[in-house]
Amino acid sequence: MPRLRIRRMLLTLAIVVCSTFLVLNLTSNSQQALLFPTKSNDRDFFPVMFETGVRRRPKFENSATVLVQQSSEQQVLVKNTQGHDIKKFIFKSVDSSNHHQMERNNNMMAGPLQSHGQDNAVVKLWFMKGGGVRPQSAMARTKPLLWPEQSNGDRIVEQLMYVPPNYTSSWNFSSTSSSALNAASKQKLKKILLYFGKGGWNDLPLGRTVFLRDKCPVNTCELTTSLKDAEQADALFFKDRFLWPFYKRRPHQVWILFLLECPLHTQAFKNLKHVFNWTATYRHDSDLVAPYEKFVSYNASFDYIPGQKNRAPSDMVNFAVNKTKKVAWFVSNCNAKNKRLEYAKELGQHIEVDIYGSCGNKKCPRTLTHKCFRMLDKDYKFYLAFENSNCKDYITEKFFVNGLSRNIVPIVMGARPEDYARAAPPHSYIHVDDFASPKELAEYLTILDKNDTLYNEYFRWKGTGEFINTYFWCRMCAMLHAPPYHKSYPDMHHWWSGAGTCNAGHWRNNAAKTPPKQSANSANIKDDNG
């Protein structure tokens, strides 16, 4: 009997020791995964060759530039792409060595850090590749431009660099004292209810994980999918569609409508007056802009011409060398509402156009994506980055992934010319509406094909900026903590899909017919801003 008891005791002890070791190991791994994630699907850059029914998730992303004098406290100039609304912010440079270890290197199109003399240099903000400059609550001394009624731009950089007055973040790298951490822990958590669940975002962690993982300057928010939290939630997030909740709405609860498809492929939001407070779409006039990509320039001058001030012609790569073919297009949807296929075929009557996929006679299997893209870089000079619908601000991966990320000049159709000018690097594409006909476009492409110098001008932008992760959830959390700005949309159907939002033809033929924009400055918007 004693021997049996001793054996049982030894066996029990061994089990306890093994269990303890396993728990400690799992805990260590989970903490490491939280602090040093190796992969985030919000940032993954997957090539999309052919149009499918499933959209690639955007990087949740006009262009901000910073030029600072090097010191411990630095004044940073931030401009938008239109050249107005210059703002001065105060930043404190911090030791970001640990932060650099945690940066995810997922940006295929990022260029090198640009230097502008010995006295001035570009400082990268926290959301840029290798960036370490983080916002401080001192910025709140200057009224930020956070809302579409305050700026004609997308305000993404403003929102990323916003910290509410008297806010202390538990991820403030410049303040690691226990008092700062205790102050951060006392911040009220804002609860965001994903009303239809995670649908399509299965890898999105609930709770505070995404806000801590992404080192959000304002991180005291949590995500939930539990409908029992609906009445007490600070914000209800309706993704892709809307159904009336079965509970009594609190007066200051924020209802957010999130849409990534264009109005031609979404629910009709009729008879929804003063229901939604915020919108989160690809449109630049949304409250939270969620573009497919966001380009941020390194240079602070809006008169900047890359070919003149960045690199001498001798330093430029000749992107035309050994390219023997003209225009390529990967497409499988042959019945787009904007008649893009008809345009491409008419263009093909005047210049060589190779159409790959079910709409043409060329084949390049989806299973050989990288080989097909290498073919673009090696053989072709131009690519048709045609959207399936002509709607304002509707610019998808067809332009950013199939076009700008390759060594090829994208020819675009979809959004308005001014929308591409706002979203794209300067002189990086050709818009079909800049030409009276496909024949006239073909004549211009022929000129570029015969002149390497003119052709290479479309690549001068490379290395002058980078495409960033716009940290959608970080911005939402910051906005929820901002001083109350209570607004509602008087007619969501009119705002989202009213006359002039989409166009079956070309924008140049309807420029004079575009109705005035509805904004929160108009009498129709209910604004209770205090």
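Here are some notes:
- Residue match in region 284-299 (condition: over 24 Å from W496 (Cβ atoms), open to solvent by less than 10 Å² (accessible area, probe 1.4 Å), in a loop (DSSP other than H, G, I, E, B) and modelled with pLDDT under 90): yes
- Going through (1) buried (at least 17 other Cβ atoms within 10 Å of the Cβ); (2) part of a loop (DSSP other than H, G, I, E, B); (3) at pLDDT below 80 one by one, N219 falls short only on (3).
- Residue check: G153 meets all listed conditions (1) modelled with pLDDT under 90; (2) buried (at least 20 other Cβ atoms within 10 Å of the Cβ); (3) out of contact with any helix residue (DSSP H, G or I) (no Cβ under 9 Å at 6 or more places or on another chain) but one, namely (3).
- Qualifying residue in region 365-376 (condition: modelled with pLDDT of 95 or more, surrounded by fewer than 19 Cβ atoms within 10 Å (Cβ to Cβ) and of a type in the set (V, I, T)): no
- Residue check, L448 touching a Leu at 6+ places or on another chain (Cβ under 7 Å) and part of a helix (DSSP H, G or I): yes
- Subset of region 183-199 that is of a type outside the set (A, V, I, L, M) and closer than 22 Å to W244 by Cβ - its residue that is modelled with the lowest pLDDT: G199
- Residue among N510, N521, N503, N529 that is open to solvent by less than 40 Å² (accessible area, probe 1.4 Å) and either at pLDDT 90 or above or of a type in the set (S, T, N, Q) (or both): N503
- Flag for L384 being of a type in the set (A, V, I, L, M) and surrounded by fewer than 17 Cβ atoms within 10 Å (Cβ to Cβ): no
The values are calculated or read from the model by the stated rules, or taken from the named source; none is laboratory data. These numbers come from a predicted model, not from an experiment. A quick note on method: Cβ atoms are made from the backbone with ideal geometry, for glycine too, and the neighbour counts reach across all protein chains shown. Heads up: the accessible areas ignore ligands, DNA and RNA and are worked out on the full protein's heavy atoms, side chains in. Shrake-Rupley method; radii C 1.70, N 1.55, O 1.52, S 1.80 Å.
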